[in-house]
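As structure tokens, the structure follows; a few thoughts come after it.
The values are calculated or read from the model by the stated rules, or taken from the named source; none is laboratory data. Predicted model, so just to flag it, every value in this text is computed and none were measured. Every residue, glycine as well, gets a Cβ built from its backbone with ideal geometry; the counts of neighbours run over all protein chains shown.
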Amino acid sequence: MDLHPFSNIMSPTDIWFGPGSAGRIAEACQELHLDRVLLVADRYLVSSGSIRVVTDRLDHAGITYHVLSEFHPSPAVSEVEAACDVMRDHQLQGVIGFGGGSSLDVAKAVAMLQTNPLPVNQYAGMYKVPRKSAPLILIATTAGTGSEVSIGSILKDDVTHVKLGIQSKHILADISIADPELTISMPPALTAYTGMDALTHGIEGYVSRFGNDVLRLLQREGIRLISGSLRTAVFNGKDIQARQNVMMGSMLVGWAMASSRLGACHAMAYPVEAKHTAAHGEVNAALLPAVMRFNALGDLPRFRELAELLGEPVEGLSDRQAAFRGVEAVETLSADIGIQRLGALGVTEDELPEMADIAVNYERLMVANPRKVSFEDAMQIYRDAM
Ligand SMILES: NC(=O)c1ccc[n+]([C@@H]2O[C@H](COP(=O)([O-])OP(=O)(O)OC[C@H]3O[C@@H](n4cnc5c(N)ncnc54)[C@H](O)[C@@H]3O)[C@@H](O)[C@H]2O)c1
Ligand SMILES: [Fe+2]
């Protein structure tokens, strides 16, 4: 076991997992002594009525809530700051986030600002949040970003549109609810993108320089569950077992992500997201095989393990052959579920130098990547993904 004394295993929030667990929202509020809350959920989740699984229970329990949905997918810093005073104005005690990563990340940032009054940008980076957030309950409706158990809130800078990450255990949820029934309403494309985001968290975390054997226990099972069930979740979305597997996988790798961090794939996805409207998971998925092909040569035995986790028979193969089987497995999965190449997402060759320059300077992520990525390397990876 290569768990040395300095290995970090951050333990997550209290997790309530399973079909029907969202129905326990009033109980969660009562446990945290909340009777006036801010409910953060994006416009679609409010207009489609999805949010009623929460509001009906709150109404029944006599818990007062104010709904906040004035933000966009991949929310911007200014959208969070604009919401900051709402809690004070309405004298609310805590925050419920309901939704995908965008809603949960807004909920986390708003809760953080209640006890940490500086502008949001001041808290970007690792461990820069000095005080614990206001009480926070997160309910995931995608599977996913892992935000319900992660220490991150990812927001877009209003000027550059590049994503910044607030990473601190002080923004972890007090109670995290992961109810696979909520993910049944996801259409196939959203299921595919969010599932591939989760798989990317698992794969990047598994090969990270900050990895250790305990984290890899979580990531191993997570990668198996996601890669084994994502096709069914995409093409037979009512299959609750497949939905549960992908959500559990997403949560396990999201939990490990706090300590393992991510790597070059996320660092290279962020500048693409700054310029194009493609979804976060879609961009990660388009880049993942190219990043794996580059990284595999830096740690062939670990990539051999990945291939096995992805269901590839590797007996009798060299480490190199096995490692590249794993890359092919990810490419085949992506093709099966309709993931497009980077060029089809609108990225053009002339944008690549600027993107590569931003990507290699994402220190927080690149430092965890198993192989150092130079500007030229980043250009080559982008071209491979086009
Ligand atoms: N905090 C973290 O640790 C972390 C990790 C990875 C990604 N992220 C961030 O999360 C964001 C992406 O989140 P996401 O991929 O979950 O998508 P999202 O939250 O942006 O939602 C995308 C769309 O799906 C809809 N939706 C959500 N749940 C649904 C459901 N059950 N049925 C039907 N529609 C539903 C939403 O209303 C929205 O229109 C990005 O900003 C990304 O950077 C955060
Ligand atoms: Fe992600």
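Of all residues in segment 38-55, those satisfying the criterion of being touching a strand residue (DSSP E or B) at 6+ places or on another chain (Cβ under 7 Å) and outside any helix (DSSP H, G or I) are Leu38, Leu39, Val40, Ala41, Asp42, Ile51. Among the residues of segment 376-386, those identified as part of a helix (DSSP H, G or I) and of a type outside the set (Phe, Trp, Tyr) are Glu376, Asp377, Ala378, Met379, Gln380, Ile381, Arg383, Asp384, Ala385. Take the conditions (1) buried (at least 23 other Cβ atoms within 10 Å of the Cβ); (2) more than 16 Å from Met10 (Cβ to Cβ); (3) without any contact (Cβ under 8 Å) to a residue 60 or more places away in the chain; Thr232 misses just one of them, which is (1). Scanning segment 181-199 for residues that are surrounded by fewer than 24 Cβ atoms within 10 Å (Cβ to Cβ) and away from ligand 2 (no atom under 15 Å from the Cβ) returns Glu181, Ile184, Ser185, Met186, Pro187, Pro188, Ala189.
Determine whether segment 56-76 contains at least one residue that is more than 20 Å from Leu164 (Cα to Cα) and of a type in the set (S, T, N, Q). Taking every residue of segment 56-76 in turn, at least one turns out to be more than 20 Å from Leu164 (Cα to Cα) and of a type in the set (S, T, N, Q). Please determine whether any residue of segment 209-217 is near ligand 1 (Cβ under 7 Å from one of its atoms), at pLDDT below 95 and of a type outside the set (Gly, Ala, Ser). No - not one qualifying residue is present in segment 209-217. Ala368 meets the conditions (1) assigned to a helix (DSSP H, G or I); (2) in contact (Cβ under 8 Å) with a residue 40 or more places away in the chain in every case but one. The failed one is (1). Can you tell me which condition Lys238 does not meet? The list is (1) of a type outside the set (Ser, Thr, Tyr); (2) assigned by TED's automatic domain parsing to the domain that holds Ser78; (3) out of contact with any Ser or Thr (no Cβ under 8 Å at 6 or more places or on another chain); (4) in a loop (DSSP other than H, G, I, E, B), and all the others hold. Among (1) of a type outside the set (Ser, Thr, Tyr); (2) assigned by TED's automatic domain parsing to the domain that holds Ser78; (3) out of contact with any Ser or Thr (no Cβ under 8 Å at 6 or more places or on another chain); (4) in a loop (DSSP other than H, G, I, E, B), Lys238 violates only (2). In segment 142-180, the residue that is farthest from Ala76 (Cα to Cα) out of those that are more than 16 Å from ligand 2 (Cβ to nearest atom) and among the hydroxyl-bearing types (Ser, Thr, Tyr) is Ser176. Please enumerate the residues belonging to segment 255-282 that are part of a helix (DSSP H, G or I), aliphatic (A, V, I, L, M), within 13 Å of ligand 1 (Cβ to nearest atom) and more than 13 Å from the chain's Cα centre (by Cα). Correct list: Ala267, Val272, Ala274. One residue alone among Val367, Val330 is over 22 Å from Met196 (Cβ atoms) and either surrounded by 13 or more Cβ atoms within 10 Å (Cβ to Cβ) or among the aromatic types (Phe, Trp, Tyr) (or both), and that residue is Val367.
Among residues that are more than 25 Å from Ile226 (Cα to Cα), in the same structural domain as Ile226 (by TED's automatic domain parsing) and outside any helix (DSSP H, G or I), Val373 is included. From the residues in segment 82-103 that are part of a helix (DSSP H, G or I) and within 22 Å of the chain's Cα centre (by Cα), which one is surrounded by the most Cβ atoms within 10 Å (Cβ to Cβ)? Checked segment 82-103; the qualifying residue surrounded by the most Cβ atoms within 10 Å (Cβ to Cβ) is Ser103. Selection of segment 22-48 for residues being hydroxyl-bearing (Ser, Thr, Tyr) and in contact (Cβ under 8 Å) with a residue 60 or more places away in the chain yields only Ser48.
I'd like to check something: does segment 65-80 contain any residue that is within 23 Å of Leu172 (Cβ to Cβ), more than 25 Å from the chain's Cα centre (by Cα), of a type in the set (A, V, I, L, M, F, W, C) and assigned to a helix (DSSP H, G or I)? Taking every residue of segment 65-80 in turn, none turns out to be within 23 Å of Leu172 (Cβ to Cβ), more than 25 Å from the chain's Cα centre (by Cα), of a type in the set (A, V, I, L, M, F, W, C) and assigned to a helix (DSSP H, G or I). The single residue among Ala279, Ala267 that is within 23 Å of Ser229 (Cα to Cα), within 12 Å of ligand 2 (Cβ to nearest atom) and touching a Leu at 6+ places or on another chain (Cβ under 9 Å) turns out to be Ala279.
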